Each structure stands twice: as structure tokens, then as C-alpha cells.
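> I am attaching a structure below and will ask some questions about it afterwards.
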Amino acid sequence: MFFGLSFGSAAFIMVILAAVAIFLIVQAVPAITADWKSDPSLSTGPTGGYANFWTYVGPLIWGTIWVSAIALVIGAPIAIGIALFISHYAPRRIAGVLGYLVDLLAAVPSIVFGLWGIIVIRPLLLPLTGWLNHHLGWIPIFAGEASSTGSTILAGAVVLAVMILPIISSITREVFLQTPRLHEEAALALGATKWEMIRLAVFPYARSGVVSATLLGLGRALGETMAIALIISPSIGFSIKLLTEGANSQTIAANIALNFPIANALQREALIGTGLMLFVISLAVNMVARLIVSRTGNAGTKKKRKRPVEAATAVPMAAATGVAGVSGVSGVSSIADTSEGASA
């Protein structure tokens, strides 16, 4: 019975995933295969001015990946730092409170983050926007006319970075806490400082978990809708500028939310087609995460081939016959290299 329930649950997940994919494909095919130039349903409104589906969805894919990447660059290091402080530096009582507060961020609705971004983040970033544009305007991402309202990719990325903090931080914290105590004590016993112990014992062990948490946060950022729709002043096009207004690349989710109520039947199918592209991107991100995790061992390092039995047993046999001096030292080293504690 337990096997049947487990197998049925796993199969049900696959059925749901396949049903979503089939729905998106069936709904999107008419718009993908249509002639966008001659069809009046697609040549006007939110889909007007595009030669075909791919010229329409291409800038949206770029905008989605670009905003999410900037948010990940901002948020992932902060989240990992928070997790490290809670797991290894903060006193136990403070760590519990901080962990609870960070986890509470995941319960805040995205619409609240969007309003917070409009009222707080946009005005707060205006001085930084002007400074970056004035002093670093020669860099392409900071070029262009700086926004006077703060409706920029930078503001949206900052809000997205805050939104992915609880996901990355909570998972990374749990992975850090799962590091074997023996590994940490062995590093400290060999004379390592606390930071060296973390760098040599904790980080390698938790590497695959941190990567998985980071990519999970990326998936959260890819599908965000309301915060981006409220904060950014977008356009459908390719742009890398972070400080401009009205020339920001739009995201797929925000474009669907803004245009779905006013679209006709075929235009809605085109919007569903862009949702299909977002589905494919999310699936690709998860596949990459699984590939990275599968290529790493339990300790976060790349898997290595096991040593031959002869090499593992030669030293103990030599030590048993009373070999001393250099042979004894090398024997101890070989045994230590194969032990769990020294591998840390």
C-alpha cells in the first residue's frame, strides 16, 4: 500500500506537468503558426508591429532573464551571508529570531512588495541612480538618460532580490547546519581559524545545496509578475540599461498580467505562447540544477573514481610488517587521506 501511494504520488506529479505542457502547447500553436503581418487580430493591439511570434517573444525572454540575473547577483550573496551568520556566527537565541524573521519574508504577497518598491525603493534609489549615471555612465549598463521617477530595472531587481532572499537563505542555512560536526572539529583541530574552517569544511560540503537554493531562487524571480509590473516602466525590446525609464525590457509574466485583460482571443493565445516559453525556461533551469547536483558528491566536491583495493591496503600491510621511518609516515598519510575526517 505504501509503495502504491508513493508511486501514485510521483506519477501524479508527472501527469500534472504533462497536462500543463499539453495545455500550453495546444493553446499557443494557433498564435505561433499564424501570419502576424496579415492577420488583423495580431497586427493590432498588444501584439501589433511584430513580424511573427518569435520577434515578439524574443525581447520578453531577454527581459525575463536579464531582470532575474541582476536580482540573483544582488540577492544571492546577501542570502548566503545571512544563512552563514545564522548558522555559525549568531548566538542561538538571536539566530532563532533572525531565521524566523527571514522566513516571514516568504509570506509577504508580491503585490505588497510591489507597493513597497513604488513607495520606498524607487525614491530611495534615485540618488544612487544619478551617481551611477554621472560617474559610471561610460559603462553600457549605466548609460542613457537616468530616470527621474525611479521606474528602472535596478529598482525592480532590488525588489526581486529581497523576494528571493527567504528561499535561498532558508535552504542554504539548513544545508550549512547539516555539515558533519566531525569535519568542522577536524579543521579546527588542525589549527584553522573559524573562517578557514568554514571555507575548507562547510562550503565544500554545502556547495551542491547552495547551487540548488540559488537556482530555486532564480526560478522564483523568473515567474514574478506583480512587483515587476508595478515598478518598472517597460517596453518590448532588447536593452541592458539599468537606469533608464521607458526603455526597460519587459518580462514575460508582467507582460501577460498587463495585456491579458485587453487582448482578443488570438492575442491571448499569443500570450499563452509566451507563457509556454517561460515554462521551458523554468524547466531548463531545474534541469541545470539537477545536473549540477548530480555531478557533485555528498561533500559538494566532484565525484572521483575510487582507489584500487591494492593501493588502499598496501600501507596497512607495510605497517603490519614493522616498516618504520618514511614508510610509516607515508602509511599514516595514506590512511588519513582515506578517512572521512581528513578529507574535510
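The values are calculated or read from the model by the stated rules, or taken from the named source; none is laboratory data. The model shown is predicted, which means the values in this text are computed figures rather than measured ones. We place every Cβ from the backbone using ideal geometry, glycine too, and count neighbours over all the protein chains shown. Keep in mind that these areas ignore ligands, DNA and RNA; they rest on the heavy atoms of the full protein, side chains included. Shrake-Rupley method; radii C 1.70, N 1.55, O 1.52, S 1.80 Å.
> Just grab the label-to-label distance for S43 and M1, each label 7 Å out from Cα along the Cβ direction, in nm (one decimal).
For the pair S43/M1, the computed spacing is 6.6 nm.
> For helix 309-320, what angle does its Cα long axis make with the longest principal axis of the chain, in degrees from 0 to 90 and rounded to 10?
Approximately 30 degrees, to the nearest 10.
> Rounded to the nearest 20 debye, what is the charge dipole size of the chain about its Cα centre when +1 sits on each Lys and Arg Cβ and -1 on each Asp and Glu Cβ?
Values: 20 positive and 14 negative charges, 144 e Å.
The dipole of the chain has a size of about 700 debye.
> Of all accessible surface on the chain at a 1.4 Å probe, what whole percent is carbon and sulfur? Please report the intermediate quantities before stating the final value.
Values: 13020 of 18620 Å².
Ligands and nucleic acids excluded, carbon and sulfur reach 70 percent.
> Dividing the alpha-carbon radius of gyration of segment 54-147 by 2.2 N^0.38 Å (N being the number of residues), what value is obtained?
Numbers: Rg = 17.8 Å, N = 94, 2.2 N^0.38 = 12.4 Å.
Normalised Rg, Cα atoms only: 1.44.
> How big is the accessible area of L266 in square angstrom, nearest 10, if you roll a 1.4 angstrom probe over the protein chains?
30 Å²
> On to the next question. Computed over the Cα atoms, what is the radius of gyration of segment 177-273 divided by 2.2 N^0.38 Å, N being its residue count? Kindly include the intermediate steps, with their values, before the conclusion.
Values: Rg = 22.7 Å, N = 97, 2.2 N^0.38 = 12.5 Å.
After normalising by residue count via 2.2 N^0.38 Å, the value is 1.81.
> Another question about this same structure. Whole Å is fine, so just give me how far the alpha carbon centre of segment 1-70 lies from that of segment 195-220.
Here the answer is 32 Å between Cα centres.
> In whole Hz, with x marking every Gly and Pro, tabulate ³J(HN,Hα) for segment 94-111 from phi via Karplus 6.51 cos²θ - 1.76 cosθ + 1.60, θ = phi - 60°.
With the stated coefficients, segment 94-111 comes to 5, 4, x, 5, 5, x, 5, 5, 5, 5, 5, 4, 5, 8, 7, x, 5, 5 Hz.
> While we're here: For the chain, what does the relative contact order come out to in percent, with C-alpha contacts under 8 Å and a separation of six or more?
After rounding, I find 25 percent.
> Angle, helix 265-294 long axis vs. longest principal axis of the chain, Cα atoms, 0 to 90°, nearest 10?
10 degrees
> Identify which of L215, L177, L190 has the largest mean-square fluctuation in a Gaussian network model of the chain, with springs joining Cα atoms closer than 10 Å.
L190
> Accessible area per residue, 1.4 Å probe, Å², for the chain: what's the number? Working shown, then result.
Values: 18620 Å² over 344 residues.
Averaged over the residues of the chain, the accessible area is 54 Å².
> Please compute the contact order of segment 99-254 in relative form: average sequence separation of alpha-carbon pairs under 8 Å and at least six residues apart, divided by the residue count, as a percent.
On the way: 212 pairs, mean separation 53.9, N = 156.
Averaging sequence separation for qualifying contacts and normalising by length gives 35 percent for segment 99-254.
> Can you tell me the length gained on complete extension of the stretch F85 to A51, counting 0.36 nm per residue apart and subtracting the Cα distance? Mind dumping the intermediate values first?
On the way: separation 34, 0.36 × 34 = 12.24 nm, distance 5.20 nm.
Fully extending the segment from F85 to A51 adds 7.0 nm.
> On C-alpha positions alone, give me the angle between the axis of helix 203-222 and the longest principal axis of the chain, in degrees, nearest 10.
Value to nearest ten degrees: 10.
> Related question: Note the listed values (i) -0.33, -1.10; (ii) -0.40, -1.11; (iii) -0.24, -1.00, then indicate which one is log10 I(q)/I(0) by the Debye sum over Cα atoms at q = 0.06, 0.13 Å⁻¹ calculated from this particular structure.
The value matching this structure is (i).
> Using Cα pairs under 8 angstrom and six or more residues apart, how large is the relative contact order of segment 1-152, in percent? Show your work: numbers first, answer last.
Numbers: 55 pairs, mean separation 14.7, N = 152.
With pairs under 8 Å counted, the relative contact order is 10 percent.
> Sticking with this structure for a sec: Roughly how many nanometres apart are two label points built 7 Å out from the Cα toward the Cβ at I139 and A18?
4.9 nm
> Here's a follow-up. Of all alpha-carbon pairs in segment 25-66, indicate the percentage at a distance above 16 angstrom.
On the way: 327 of 861 pairs.
Tail of the P(r) past 16 Å holds 38 percent of the pairs.
> Place a +1 charge on the Cβ of each Lys and Arg in segment 60-196 and a -1 charge on the Cβ of each Asp and Glu, then give the dipole magnitude about the Cα centre in debye, rounded to the nearest 20. All intermediate terms of the calculation are to be shown ahead of the outcome.
Values: 6 positive and 6 negative charges, 47 e Å.
Approximately 220 debye in magnitude.
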